[in-house]
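S.K.: This is the structure I have questions about; it appears just below.
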Amino acid sequence: MDNNPIGVFDSGLGGLTVLKKIIEILPNEKYIYYADTDNVPYGTKPKEEVKIYIEKAIKFLISKNVKAIVIACNTATSIAVNDLRDKYDIPIIGIEPAVKPAIEKRNGKRVLIMATPTTIREEKLQNLVKKLNVFEEVDLIDMPKLVEFAERMEFNSSEVKKYIEDRLKKYNLNNYSTLVLGCTHFPLFKETLLQVFSNEILIIDGSQGVANRLKDILENKNLLGNNKLQINYYNSGKIANKLYIEKYNRIIN
Ligand code: DGL
């Protein structure tokens, strides 16, 4: 048993969609959620710059004695997870677009993968698509503005809908059966995405997989806690203020 906290990290509030799934299966833990609000968004910034932000966040979480870290950000995972695992001894769990389950469920139709520009460009996703040998069946599209909308807690506005429709204009939506959300901010737009696809789409994200993996690792290493659930929110290393705490709790609850 280990009652130290679990660190969960994202560029902003998107990682809360992952934390929510984690809490469902690991309710007896203390969590430290680190949103890098000073530097969000990550997905449109140069990789070397973002690596510095990630390093700072991880160092902060380690200084809080976390027993494991979940990088609840596809962008950060794709550019830094291997280096971080080499560098630190505690378990580090990343997230990547759930391409494999989407392929298994596509029913002869195409799969659309939405992510940030960096995640789409990076080797990690490109290699995954290559490994599964599915270049012919998938399309990749970046949706950077959704991160900005999400940070403003704007999920269902007509501007959001218009942005999604504009980005998808050149695709024939009838060709797709499955949509992979490869950015942890994107599940917050599920309703609007379903509207745009007239409900004719299966939406898949990797958060449940991450939660299950974290639980397995903690179980195997005998690191599960028996705490009363507690979440402490930090914005770029500073305790989040009341407004942010309310905002974050709205997503978690
Ligand atoms: N939530 C993040 C992801 O999963 C990053 C979004 C951003 O900061 O651009 O990719």
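Only the coordinates and a few stated rules stand behind these numbers; no lab work does. No experiment lies behind these values; they were computed from the predicted model shown. Heads up, the Cβs are rebuilt from the backbone with ideal geometry, glycines too, and the neighbour counts pull from every protein chain shown.
S.K.: Amide H neighbours of Y233 under 5 Å, at least 5 residues apart or on other chains, H built in the peptide plane: list them.
M.R.: Close amide H contacts, sequence-distant or interchain: Y33, A240.
S.K.: Which one, G225, A240, G209, is farthest towards the positive end of the dipole of the stretch 194-253 when Lys and Arg carry +1 and Asp and Glu -1 on their Cβ?
M.R.: So the residue furthest toward the plus end is A240.
S.K.: For K105, give me every one of the aspartates and glutamates with a C-alpha distance below 17 angstrom, ignoring sequence neighbours fewer than eight places off in its own chain.
M.R.: By straight Cα distance, K105 reaches E136, E137, D139, E200, D205.
S.K.: Go through F149, V8, N133 and say which Cα lies farthest out towards the positive end of the charge dipole of the stretch 1-154; charges sit on Cβ, +1 for Lys and Arg, -1 for Asp and Glu.
M.R.: N133
S.K.: Which ordering of V40, V81 is given by a fewest-first count of other beta-carbon atoms within 10 Å? All intermediate terms of the calculation are to be shown ahead of the outcome.
M.R.: Details: V40 23, V81 19.
Taking fewest neighbouring Cβ atoms as first place, the list is V81, V40.
S.K.: Can you give the charge dipole size of the stretch 1-57 about its Cα centre, rounded to the nearest 20 debye, using +1 on the beta carbon of Lys and Arg and -1 on the beta carbon of Asp and Glu? Intermediate results must be reported in sequence, preceding the final value.
M.R.: Details: 7 positive and 9 negative charges, 23 e Å.
Here the stretch 1-57 has a charge dipole of around 100 debye.
S.K.: Just to confirm the number: angle between the C-alpha axis of helix 74-87 and the first principal axis of the chain, 0 to 90 degrees, nearest 10?
M.R.: Orientation of helix 74-87: about 40 degrees from the principal axis.
S.K.: What order, most packed first, do the peptides 26-36, 139-149, 177-187, 119-129 have when packing is the mean number of other Cβ atoms within 10 Å of each residue? Display every interim value, and only then the final one.
M.R.: Working: 26-36: 21.1, 139-149: 19.2, 177-187: 26.1, 119-129: 17.2.
Put in order of decreasing packing, that is 177-187, 26-36, 139-149, 119-129.
S.K.: Next up: What number, in percent, do you get for the relative contact order of the stretch 105-224 if the mean sequence gap of Cα pairs under 8 Å and at least 6 apart is divided by its residue count? Numbers along the way, then the final one.
M.R.: Numbers: 129 pairs, mean separation 36.9, N = 120.
About 31 percent, as a whole number.
S.K.: Provide the net charge surrounding D2, with neighbours chosen by a C-beta distance below 9 Å and charges set as Lys +1, Arg +1, Asp -1, Glu -1.
M.R.: Details: positive: K67, K221; negative: none.
Charge balance near D2 sits at +2.
S.K.: Can you give the local net charge around R167? Use residues other than it whose beta-carbon is closer than 13 angstrom to its beta-carbon, Lys and Arg +1, Asp and Glu -1. Please list the in-between numbers first.
M.R.: Numbers: positive: K145, K161, K162, K169, K170; negative: D139, D142, E159, E165, D166.
After counting each charged neighbour, the total is 0.
S.K.: Report the Cα centroid-to-centroid distance between the stretch 1-58 and the stretch 143-208 in angstrom, as an integer.
M.R.: Cα centroid of the stretch 1-58 versus Cα centroid of the stretch 143-208: 22 Å apart.
S.K.: Specify the angular offset, from 0 to 90 degrees and rounded to the nearest 10, of the alpha carbon long axis of helix 158-168 from the longest principal axis of the alpha carbons in the chain.
M.R.: Between the helix axis and the principal axis of the chain, the angle is about 60 degrees.
S.K.: Continuing with the same structure: Quick one: net charge of E55's neighbours, Cβ under 10 Å, K/R +1, D/E -1?
M.R.: Working: positive: K51, K56, K59, K87; negative: D83.
Result for the neighbourhood of E55: +3.
S.K.: To make sure I understand, if each residue's beta carbon is the centre and we count other beta carbons within 10 Å, what order do S158, S207 fall in, fewest to most?
M.R.: Working: S158 8, S207 22.
Taking fewest neighbouring Cβ atoms as first place, the list is S158, S207.
S.K.: Put +1 on the Cβ of each Lys and Arg and -1 on the Cβ of each Asp and Glu in the stretch 42-173; which of T118, P46, I90 then has its Cα farthest toward the positive end of the dipole?
M.R.: Checking the options against the dipole of the stretch 42-173, the answer is I90.
S.K.: Under the definition of Cα pairs under 8 Å and six or more residues apart, what whole-number percent is the relative contact order of the stretch 66-109?
M.R.: For the stretch 66-109, the relative contact order is 45 percent.
S.K.: How do D10, D166 line up, fewest other C-beta atoms within 10 Å first?
M.R.: On the way: D10 29, D166 10.
Going from least to most buried by this count: D166, D10.
S.K.: Please get the size of the charge dipole for the chain, origin at its Cα centre, with Cβ charges of +1 on Lys and Arg and -1 on Asp and Glu, quoted in debye to the nearest 20. Write out the running numbers ahead of the final one.
M.R.: Values: 37 positive and 32 negative charges, 43 e Å.
Result for the chain is approximately 200 debye, rounded to the nearest 20.
S.K.: How big is the charge dipole of the stretch 159-253 about its Cα centre, in debye rounded to the nearest 20, if each Lys and Arg gets +1 on its Cβ and each Asp and Glu gets -1 on its Cβ?
M.R.: Numbers: 14 positive and 9 negative charges, 68 e Å.
In total the dipole reaches around 320 debye.
S.K.: Using only the Cα atoms of the chain, build the gyration tensor, take square roots of its eigenvalues as a ≥ b ≥ c, and label the shape rounded, prolate or oblate: rounded if a/c is under 1.5, else prolate if a/b is larger than b/c, else oblate. Can you show the working numbers first?
M.R.: On the way: a/c = 1.67, a/b = 1.47, b/c = 1.14.
Prolate.
S.K.: Relative contact order of the stretch 1-153: what whole-number percent is it, with Cα pairs under 8 angstrom and at least 6 residues apart?
M.R.: On the way: 210 pairs, mean separation 37.8, N = 153.
Relative contact order here is 25 percent.
S.K.: Could you pull out the pairs from K145/K215; K131/K161; K221/K242; K67/K247 whose alpha carbons sit more than 28 Å apart here? Before the final figure, lay out the partial values.
M.R.: Working: K145/K215 32 Å; K131/K161 34 Å; K221/K242 36 Å; K67/K247 26 Å.
The answer is K145/K215; K131/K161; K221/K242.
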